[in-house]
Amino acid sequence: HRLEMAPKKAKRRGAAAEGGSSNVFSMFEQSQIQEYKEAFTIIDQNRDGIISKDDLRDVLASMGQLNVKNEELEAMVKEASGPINFTVFLTMFGEKLKGADPEDVIVSAFKVLDPDATGFIKKDFLQELLTTQCDRFSAEEMKNLWAAFPPDVAGNVDYKQICYVITHGEEKEE
(Lines give C-alpha, C1' and ligand atoms only; values in the text may rest on other atoms or scores of the structure.)
Protein backbone atom coordinates (compact mmCIF):
# COMPACT_ATOMS: atom_id res chain seq x y z
CA HIS A 1 0.00 0.00 0.00
CA ARG A 2 1.20 3.53 -0.62
CA LEU A 3 1.26 6.34 1.92
CA GLU A 4 -1.22 9.16 1.51
CA MET A 5 0.57 12.50 1.64
CA ALA A 6 -1.75 14.86 3.47
CA PRO A 7 -0.84 18.35 4.61
CA LYS A 8 0.40 18.32 8.20
CA LYS A 9 -2.13 19.57 10.70
CA ALA A 10 -1.54 20.71 14.24
CA LYS A 11 -2.05 17.79 16.60
CA ARG A 12 -5.19 17.88 18.67
CA ARG A 13 -4.85 16.95 22.34
CA GLY A 14 -5.20 13.19 22.59
CA ALA A 15 -5.13 12.59 18.82
CA ALA A 16 -1.70 11.00 18.98
CA ALA A 17 -2.71 8.65 21.78
CA GLU A 18 -5.12 6.75 19.54
CA GLY A 19 -2.57 6.36 16.76
CA GLY A 20 -0.44 3.96 18.80
CA SER A 21 2.73 5.76 17.77
CA SER A 22 5.94 4.03 18.82
CA ASN A 23 7.31 7.36 20.07
CA VAL A 24 5.80 7.96 23.49
CA PHE A 25 6.82 11.63 23.35
CA SER A 26 4.40 12.19 20.45
CA MET A 27 1.49 11.24 22.75
CA PHE A 28 1.91 14.36 24.87
CA GLU A 29 2.24 18.08 24.31
CA GLN A 30 5.57 19.68 25.21
CA SER A 31 4.08 21.33 28.32
CA GLN A 32 2.76 17.95 29.54
CA ILE A 33 6.15 16.31 29.02
CA GLN A 34 7.73 19.09 31.08
CA GLU A 35 5.22 18.48 33.92
CA TYR A 36 5.90 14.73 33.86
CA LYS A 37 9.64 15.48 33.89
CA GLU A 38 9.17 17.62 37.03
CA ALA A 39 7.15 14.84 38.69
CA PHE A 40 9.78 12.26 37.68
CA THR A 41 12.54 14.44 39.16
CA ILE A 42 10.64 14.74 42.46
CA ILE A 43 10.10 10.96 42.66
CA ASP A 44 13.70 10.14 41.61
CA GLN A 45 14.95 11.12 45.07
CA ASN A 46 18.57 9.99 44.56
CA ARG A 47 18.74 11.65 41.11
CA ASP A 48 20.17 8.59 39.32
CA GLY A 49 17.66 8.74 36.44
CA ILE A 50 15.82 5.58 37.57
CA ILE A 51 12.81 5.37 39.91
CA SER A 52 13.52 2.60 42.45
CA LYS A 53 11.72 1.17 45.48
CA ASP A 54 13.87 3.39 47.70
CA ASP A 55 12.89 6.48 45.68
CA LEU A 56 9.20 5.58 46.05
CA ARG A 57 9.61 4.92 49.78
CA ASP A 58 11.38 8.27 50.27
CA VAL A 59 8.89 10.33 48.27
CA LEU A 60 5.91 8.68 50.03
CA ALA A 61 7.58 9.34 53.41
CA SER A 62 8.04 12.99 52.44
CA MET A 63 4.24 13.13 51.93
CA GLY A 64 3.59 11.58 55.35
CA GLN A 65 3.05 7.95 54.28
CA LEU A 66 5.64 6.32 56.51
CA ASN A 67 4.58 2.67 56.79
CA VAL A 68 4.40 1.58 53.15
CA LYS A 69 4.98 -2.16 52.95
CA ASN A 70 7.88 -3.49 50.89
CA GLU A 71 5.40 -5.62 48.88
CA GLU A 72 3.44 -2.49 47.92
CA LEU A 73 6.61 -0.78 46.69
CA GLU A 74 7.62 -3.98 44.88
CA ALA A 75 4.22 -4.07 43.13
CA MET A 76 4.57 -0.42 42.03
CA VAL A 77 8.03 -0.98 40.55
CA LYS A 78 6.91 -4.25 38.88
CA GLU A 79 4.28 -2.37 36.85
CA ALA A 80 7.17 -1.60 34.51
CA SER A 81 8.90 -4.33 32.52
CA GLY A 82 12.35 -3.06 33.55
CA PRO A 83 14.11 -0.11 35.21
CA ILE A 84 11.88 2.98 35.30
CA ASN A 85 13.72 5.74 33.46
CA PHE A 86 11.89 8.84 32.22
CA THR A 87 10.79 7.25 28.91
CA VAL A 88 9.38 4.20 30.73
CA PHE A 89 7.69 6.52 33.27
CA LEU A 90 6.07 8.50 30.44
CA THR A 91 5.00 5.30 28.65
CA MET A 92 3.36 3.99 31.84
CA PHE A 93 1.34 7.21 32.13
CA GLY A 94 0.50 7.12 28.43
CA GLU A 95 -0.93 3.60 28.78
CA LYS A 96 -2.88 4.55 31.90
CA LEU A 97 -4.27 7.72 30.29
CA LYS A 98 -5.36 6.15 26.99
CA GLY A 99 -9.11 6.57 26.88
CA ALA A 100 -9.19 7.83 30.46
CA ASP A 101 -11.58 10.54 31.58
CA PRO A 102 -9.52 13.57 32.65
CA GLU A 103 -11.67 13.95 35.78
CA ASP A 104 -10.91 10.33 36.84
CA VAL A 105 -7.21 10.94 36.23
CA ILE A 106 -7.18 14.07 38.42
CA VAL A 107 -9.28 12.43 41.15
CA SER A 108 -6.86 9.46 41.13
CA ALA A 109 -3.96 11.85 41.62
CA PHE A 110 -5.68 13.36 44.67
CA LYS A 111 -6.50 9.87 46.03
CA VAL A 112 -2.75 9.24 46.38
CA LEU A 113 -2.77 12.10 48.92
CA ASP A 114 -5.89 10.70 50.63
CA PRO A 115 -4.84 7.22 51.87
CA ASP A 116 -7.99 6.86 54.01
CA ALA A 117 -10.25 7.62 51.00
CA THR A 118 -12.23 10.32 52.79
CA GLY A 119 -12.73 12.40 49.65
CA PHE A 120 -11.04 15.28 51.44
CA ILE A 121 -7.53 16.60 51.81
CA LYS A 122 -6.32 18.90 54.60
CA LYS A 123 -6.16 22.57 53.54
CA ASP A 124 -2.74 23.04 55.19
CA PHE A 125 -1.29 19.98 53.43
CA LEU A 126 -2.64 21.05 50.02
CA GLN A 127 -1.39 24.60 50.54
CA GLU A 128 2.06 23.29 51.53
CA LEU A 129 2.22 21.15 48.36
CA LEU A 130 0.99 23.88 46.04
CA THR A 131 3.33 26.53 47.38
CA THR A 132 6.52 24.44 47.70
CA GLN A 133 6.48 21.91 44.81
CA CYS A 134 6.93 22.27 41.02
CA ASP A 135 4.85 25.13 39.63
CA ARG A 136 4.47 27.01 42.91
CA PHE A 137 1.27 28.89 43.70
CA SER A 138 1.53 32.53 44.81
CA ALA A 139 -0.28 33.87 47.89
CA GLU A 140 -2.83 35.46 45.53
CA GLU A 141 -3.47 32.13 43.76
CA MET A 142 -3.94 30.40 47.12
CA LYS A 143 -6.39 33.11 48.21
CA ASN A 144 -8.38 32.58 44.98
CA LEU A 145 -8.34 28.79 45.46
CA TRP A 146 -9.75 29.02 49.00
CA ALA A 147 -12.33 31.58 47.86
CA ALA A 148 -13.53 29.17 45.15
CA PHE A 149 -13.25 26.03 47.33
CA PRO A 150 -13.57 27.04 50.98
CA PRO A 151 -12.42 24.33 53.42
CA ASP A 152 -14.91 23.11 56.04
CA VAL A 153 -14.55 24.01 59.74
CA ALA A 154 -12.11 21.10 60.25
CA GLY A 155 -9.86 22.44 57.47
CA ASN A 156 -10.83 19.79 54.89
CA VAL A 157 -11.05 20.54 51.18
CA ASP A 158 -13.39 18.54 48.90
CA TYR A 159 -10.99 17.64 46.08
CA LYS A 160 -13.70 15.95 43.96
CA GLN A 161 -15.32 19.38 43.61
CA ILE A 162 -11.99 20.90 42.51
CA CYS A 163 -11.55 18.08 39.96
CA TYR A 164 -15.06 18.64 38.60
CA VAL A 165 -14.46 22.35 38.07
CA ILE A 166 -11.02 21.72 36.50
CA THR A 167 -12.53 19.35 33.92
CA HIS A 168 -16.03 20.79 33.38
CA GLY A 169 -15.65 24.49 34.18
CA GLU A 170 -17.76 26.30 36.70
CA GLU A 171 -21.52 26.14 36.38
CA LYS A 172 -22.95 28.75 38.67
CA GLU A 173 -26.71 28.80 38.94
CA GLU A 174 -28.08 32.28 39.47
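The values are calculated or read from the model by the stated rules, or taken from the named source; none is laboratory data. On a predicted model such as this, the values are computed, not experimentally measured, just so you know. Here the Cβ is made from the backbone with ideal geometry for all residues, glycine too, and neighbour counts use every protein chain on show. To get the accessible areas, we keep the full protein, side chains included, count just its heavy atoms, and leave off ligands, DNA and RNA. Shrake-Rupley method; radii C 1.70, N 1.55, O 1.52, S 1.80 Å.
Scanning region 44-68 for residues that are part of a helix (DSSP H, G or I), open to solvent by 40 Å² or more (accessible area, probe 1.4 Å) and under 16 Å from Ala80 (Cα atoms) gives Lys53, Asp54. Residues in region 153-174 that are open to solvent by less than 70 Å² (accessible area, probe 1.4 Å), on the phi < 0 side of the Ramachandran plot and of a type outside the set (S, T, N, Q): Ala154, Val157, Asp158, Tyr159, Ile162, Cys163, Val165. When region 106-115 is examined, which residues are found to be assigned to a helix (DSSP H, G or I), of a type outside the set (Phe, Trp, Tyr) and open to solvent by less than 80 Å² (accessible area, probe 1.4 Å)? Answer for region 106-115, where residues must be assigned to a helix (DSSP H, G or I), of a type outside the set (Phe, Trp, Tyr) and open to solvent by less than 80 Å² (accessible area, probe 1.4 Å): Ile106, Val107, Ser108, Ala109, Val112. Within region 25-43, the set of residues being open to solvent by less than 30 Å² (accessible area, probe 1.4 Å), at pLDDT 85 or above and of a type outside the set (A, V, I, L, M) comprises just one member, Phe40. Using the structure shown, decide if Glu79 is within 17 Å of Asp44 (Cα to Cα) and of a type in the set (Asp, Glu). Answer is yes for this residue.
Evaluated against (1) without any contact (Cβ under 8 Å) to a residue 60 or more places away in the chain; (2) surrounded by fewer than 16 Cβ atoms within 10 Å (Cβ to Cβ), Phe93 falls short on exactly one condition, (2). The set of residues in region 43-101 being closer than 28 Å to Asp124 by Cβ and small (Gly, Ala, Ser) consists of Ala61, Ser62, Gly64.
Picking from residues in region 116-149 that are part of a loop (DSSP other than H, G, I, E, B) and open to solvent by less than 90 Å² (accessible area, probe 1.4 Å), the one that is farthest from Ala61 (Cα to Cα) is Phe149. Of all residues in region 145-166, those that are more than 18 Å from Glu103 (Cα to Cα) and touching a residue at least 12 places away in the same chain (Cβ under 8 Å) have Cβ atoms under 6 Å from Cβ atoms of residues that are in a helix (DSSP H, G or I) and not β-branched (Val, Ile, Thr), 6 or more apart or on another chain, in Pro151/Lys123; Gly155/Lys123.
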